[in-house]
Amino acid sequence: MKKTTNAPAPMRIYCDLFGHNYEMTKKVTLHVKEYTCKCCKRQLTTNGNGKLTELTPKFQEINSILEEIYTRRMIRLKNKTLSSSIY
Ligand SMILES: [Zn+2]
C-alpha cells in the first residue's frame, strides 16, 4: 500500500498555476460526491447547496451519515423491485 504523505511542493505550485486536477473518489449519494486532487491530494465535497467545498472532518462526518442513509434506502428499494418482479 502506498503511503499518502503531503504532496511535494512543485505539485502544489502546479495546482496554483493551472488549477487542481480533481478526481471523484467517493460517491456518497446521487448528489453528494467526494473529490481528491490527483496532484496535491486536496479533498473536496459537495455541500448542501450543491457547491464544492473543502472536505473538513465535519463534512466527512456528515457524508458518512448521508452515505449510510442512502445505502439503506437503496437496499430497501432493491428488495422492493426484486419481490415485485418475481411474477
Ligand atoms: Zn491540487
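The values are calculated or read from the model by the stated rules, or taken from the named source; none is laboratory data. Please read all numbers here as calculations on a predicted model, not as lab measurements. Positions of Cβ are backbone-derived with ideal geometry, glycine not excepted, and every protein chain shown enters the neighbour counts. Note: areas computed on protein heavy atoms with side chains; ligands, DNA, RNA excluded. Shrake-Rupley method; radii C 1.70, N 1.55, O 1.52, S 1.80 Å.
Within the range 24-46, can you find the residues that are more than 18 Å from Ile62 (Cβ to Cβ) and either in contact with a strand residue (DSSP E or B) (Cβ under 6 Å, 6 or more places away or on another chain) or among the hydrophobic types (A, V, I, L, M, F, W, C) (or both)?
Cys37, Lys38, Cys39, Cys40
Can you name every residue in the range 55-68 that is surrounded by 11 or more Cβ atoms within 10 Å (Cβ to Cβ) and within 29 Å of Ala9 (Cβ to Cβ)?
Answer for the range 55-68, where residues must be surrounded by 11 or more Cβ atoms within 10 Å (Cβ to Cβ) and within 29 Å of Ala9 (Cβ to Cβ): Leu55, Thr56, Phe59, Gln60.
In the range 8-26, which residues are of a type in the set (Lys, Arg) and near the ligand (Cβ under 8 Å from one of its atoms)?
Selection gives Arg12 alone.
Check Lys80, Lys27, Lys41, Lys51 and return the single one that is open to solvent by 70 Å² or more (accessible area, probe 1.4 Å), at positive phi and of a type outside the set (Val, Ile, Thr).
The conditions single out Lys41.
Please specify each residue of the range 10-24 satisfying the condition of being closer than 30 Å to Arg73 by Cα and exposed (fewer than 15 other Cβ atoms within 10 Å of the Cβ). Explain how you work it out, then say what you get.
Narrowing the range 10-24 to residues closer than 30 Å to Arg73 by Cα: 22-24.
Answer for the range 10-24, where residues must be closer than 30 Å to Arg73 by Cα and exposed (fewer than 15 other Cβ atoms within 10 Å of the Cβ): Glu23, Met24.
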